[in-house]
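Here's the structure, in structure tokens; my notes come after.
Values quoted throughout were computed directly from the atomic coordinates according to the rules given, and no laboratory measurement underlies them. A quick note: this is a predicted structure, and the numbers were derived from the prediction, not measured. Note: ideal-geometry Cβ built from the backbone for every residue, glycine included; neighbour counts use all protein chains shown.
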Amino acid sequence: MAPPLIQLKDIALTFGGAALFDGVELAVSAGDRLCLIGRNGSGKSTLLKIVAGLIEPDRGSRFVQPGATVRYLPQEPDFDGFATTQAYVEAGLAPGDDHYQAAYLLEQLGLHGDENPAHLSGGEARRAALARILAPDPDILLLDEPTNHLDLTTIEWLENDLAQRRCAIVMISHDRRFLSNLSRATAWLDRGVIRQIDRGFSQFESWRDDVLAEEERDQHKLDRKIVMEEHWLRYGVSGRRKRNVKRLAGLHELRAQRRDYRGPTGAASLAAAEADKSGKLVIEAKSISKAWGDRPIVDAFSIRINRGDRVGIVGPNGAGKTTLISLLTGALAPDSGTVRLGTNLEIATLDQSRDSLDPKSTLSDALTGGRGDQVMVGGKPRHVIGYMKDFLFTQEQARTPLEALSGGERGRLMLARSLANPSNLLVLDEPTNDLDLETLDVLEEMLGDYDGTVILISHDRDFLDRVVTSVIAPDGGGKWIEYAGGYSDMLAQRGADLSRQPAKAAAAEPAAAKAAPSPATAPAPKRKLSFNEKHALETLPKTIAKLEAEIADLQKQLDDPQLFARDRAKFDKVSAAMAKAHDELHAAEHRWLELEMLREEIESA
């Protein structure tokens, strides 16, 4: 087994008087793909900060392999002191790192490098932070909610980029598809301890259920054993006469074990306060259009939404998803076309803007509006503590300032505020942000049982596949198309992902180009090497030289005539590495030759 690049031993940390961790062990070796799973508030982000060396535990040790480079992606990056995103990204490079990577990654992530960090949106800030940690090509990547605020196109780009890297990765994410596609091992942080399996997230939920079922059986056996020992203490002859000290001490130990047992946290109890049924027709839009200046956001879009429909809206950041929802719900008037709302509509909206929460106010005040200890749920008063417990908050958290809550806890608070209002139409903007996996499951069940209609914006592919009955996606130029089914069904019908036009649109372009006469005076634009092609031309010779040196070293090992007999496993390993290096060398040489010919062709044109 490879030695660990980073290792935690016997980590303990107390937070707010309660033990957050006790005896946590974690090891990460080269090439590991580890997902860190746990309930909101279980301490995942805190543990990742300990791994990154940003927090000192109360007890335990942290070891990092000498020379290993570690990069940490925080949930909220700090841009203080940086005038541009380029400066912010380059500040993460170490001496000797390739500065081309900073510019290349910014370009790939849709940034120019001259943006003022003070004016970045949430998605832009996340992309800049990703470029900063990816540019140095570190040995270990620590990612805390890397997909937050990213659109689907960027999430899929990030997946592909991480899959091709050789570094070890430890990731925290609420995006189940992202975890399933990338992870090879799972660390479950539960009630202050770590359980780990060498299987990816796709098998986590069945394993977790088995663990909890076994735990429940063990507790049942413990309860039965305590009953038997108490029966002996009361009625056993030797128990009455001699009071067997050893057996009595064993009973006290069993009782202490039972008393100290921390059972699994219960599931959230999510329920939307439902109003009277709406009419069968909820929304009918006919040829609605909206433009901001010269840019069309929605162009001649029509849709009919009936009671009980679950409609998902997807698309890149800035495509106009929020504008489209505002048009459909009547919050924004279209430039042309008509929107007809059904009868008896009661709309509840989930506002994902955390800026609407006063960080200094308490959890109780955020739910009651600062008016006493009652929450109006579905038009009926309910004590705030009972309502808080439905969303997995404890009584002690009632006076907790909102700035002390984790991202997942703030997400549950936003849900609690929205679902308290009576509704028959739920409009949800990124409802899954920061929610733990168990709460996501409960939210899906709640939406499945909800008697009204749901319109939601989400970048969570798995959530969309499980919840919605149709997906609306942009098609360029303000055009939007509705597809039946979930996100995967949309991709199958579209024939392309959201980063490019559907196949049918691409096929139609040549015909349109032929039909449009081009002026004879307009010269064809001169082909230029892209940034990526220039960079490859400069770096591929070094890559080729490095691979040739690696092959020569491997060949020396294989030249040993006794290697096969002495160490068959090492012989197989070296042979496999030799084959892989030859393949990579062939691909690098072929790519360099292709680019060099292209460069000569451009220069001679």
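For I6, nonlocal amide neighbours, meaning residues 5 or more places apart or on other chains whose placed amide H falls under 5 Å from its own, are V28, Q65. Rounded to the nearest 20 debye, the dipole size of region 4-206 about its Cα centre is 780 debye, using +1 on the Cβ of Lys and Arg and -1 on the Cβ of Asp and Glu. Backbone phi angles across region 565-570, fed through the Karplus curve with coefficients 6.51, -1.76 and 1.60 (θ = phi - 60°), yield HN-Hα couplings of 6, 6, 8, 4, 5, 5 Hz in residue order; Gly and Pro are listed as x.
Here's the picture: charge each Lys and Arg Cβ at +1 and each Asp and Glu Cβ at -1 in region 439-500, and of V471, Q493, L456 the one pushed furthest to the positive end of that dipole is Q493. Summing charges over all other residues whose Cβ lies under 15 Å from the Cβ of D58, with Lys and Arg as +1 and Asp and Glu as -1, gives +1. Under a 5 Å amide H cut-off, with hydrogens placed 1.01 Å from N, L428 pairs with L350, I455, L456, I457 among residues at least 5 apart or on other chains. Can you pick out the pairs among K280/K479; K277/K321; K9/K570; K49/K321; K44/K580 whose Cα atoms lie more than 29 Å from each other? As for pairs spanning more than 29 Å Cα to Cα, those are K9/K570; K49/K321; K44/K580. Sorting 146-152, 94-100 by average packing, meaning the other beta carbons within 10 Å per residue, from highest down gives 146-152, 94-100. In terms of packing, defined here as the mean over residues of other Cβ atoms within 10 angstrom, the peptides 308-315, 330-337 line up highest first as 308-315, 330-337. The order of the peptides 29-42, 196-209 by mean Cβ neighbours within 10 Å, most packed first, is 29-42, 196-209. Overall, region 281-502 carries a charge dipole of about 620 debye about its Cα centre when +1 sits on the Cβ of Lys and Arg and -1 on the Cβ of Asp and Glu, all other atoms neutral. Remark: relative contact order (region 281-502) = 25 percent; criterion is Cα-Cα distance under 8 angstrom and separation of 6 or more residues. Placing unit charges on the Cβ atoms of the charged side chains and taking the dipole of region 531-604 about its Cα centre, the candidate lying farthest along the positive direction among A552, A576, L598 is A576. Think of region 4-206 as having a plus end and a minus end, set by charges on the Cβ of Lys, Arg, Asp and Glu; of G67, G38, Y104, G38 sits farthest toward the positive end of this dipole. In sequence order, region 386-392 has phi-based couplings of x, 5, 4, 5, 4, 9, 6 Hz under the Karplus curve 6.51 cos²θ - 1.76 cosθ + 1.60, θ = phi - 60°, and Gly or Pro positions carry x. Computed over region 281-502, the convex hull of the alpha-carbon atoms projects to a mean area of 12.8 nm².
Phi angles of region 69-77 translate, via the Karplus equation with coefficients 6.51, -1.76, 1.60 and θ = phi - 60°, into HN-Hα couplings of 9, 10, 10, 10, 9, x, 5, 10, x Hz per residue; Gly and Pro are given as x.
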